[in-house]
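These notes are about the structure you will find just below.
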Amino acid sequence: MEQTGLKVSSLYIAQIKKKCGLDVGENFNPVKSENARQPQCTPEREDAIMQAFRHFGVI
């Protein structure tokens, strides 16, 4: 948030980790219905997460 001014949820971080093929932790609150919708990460937030991953040496 300090660098880009965007708030990023852990859901978005997990989505980007999956996209990069990184390990993602187990979800302890499984979805109760099969047709539940999840919000998708916006491109600007995705760029911010990727910058953070590069900064911290994740990718």
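Rounded to a whole number, what % of the accessible area of the chain do carbon and sulfur atoms account for, probe 1.4 Å?
Solvent-exposed carbon and sulfur of the chain make up 49 percent of the total.
Residues of the chain: accessible area per residue at 1.4 Å, in Å²?
The answer is 89 Å² per residue.
So for each of 29-38, 45-54 I average, over its residues, the number of other beta carbons within 10 Å; can you give me the resulting order with the highest mean first?
45-54, 29-38
Only one of the values (i) 85, 11, 6; (ii) 43, 21, 6; (iii) 36, 23, 17 was calculated from this structure for Cα extents along the principal axes in Å; name its label.
Answer by label: (iii).
What is the angle, in °, between the Cα long axis of helix 43-55 and the longest principal axis of the Cα atoms in the chain? Nearest 10 is fine, range 0 to 90.
Helix 43-55 sits roughly 60 degrees off the main axis of the chain.
If the only charges are +1 at each Lys and Arg Cβ and -1 at each Asp and Glu Cβ, what is the size of the charge dipole of the chain around the Cα centre, to the nearest 20 debye?
My answer is approximately 100 debye.
Using Cα atoms only, what is the angle between the long axis of helix 10-20 and the major principal axis of the chain, expressed in degrees (0 to 90) to the nearest 10?
The helix 10-20 is inclined about 80 degrees to the chain.
Can you tell me which lysines have their Cα less than 19 Å from the Cα of Lys7? Leave out same-chain residues fewer than eight positions away.
The reachable lysines, counting only those whose Cα sits under 19 Å from Lys7, are Lys17.
The values are calculated or read from the model by the stated rules, or taken from the named source; none is laboratory data. Only a predicted model underlies this, so the values are computations on that prediction, with no experimental measurement involved. Ideal geometry is used to build each Cβ from the backbone, glycine not excepted, and the neighbour counts take in all protein chains shown. For accessibility, only protein heavy atoms count, side chains too; no ligands or nucleic acids. Shrake-Rupley method; radii C 1.70, N 1.55, O 1.52, S 1.80 Å.
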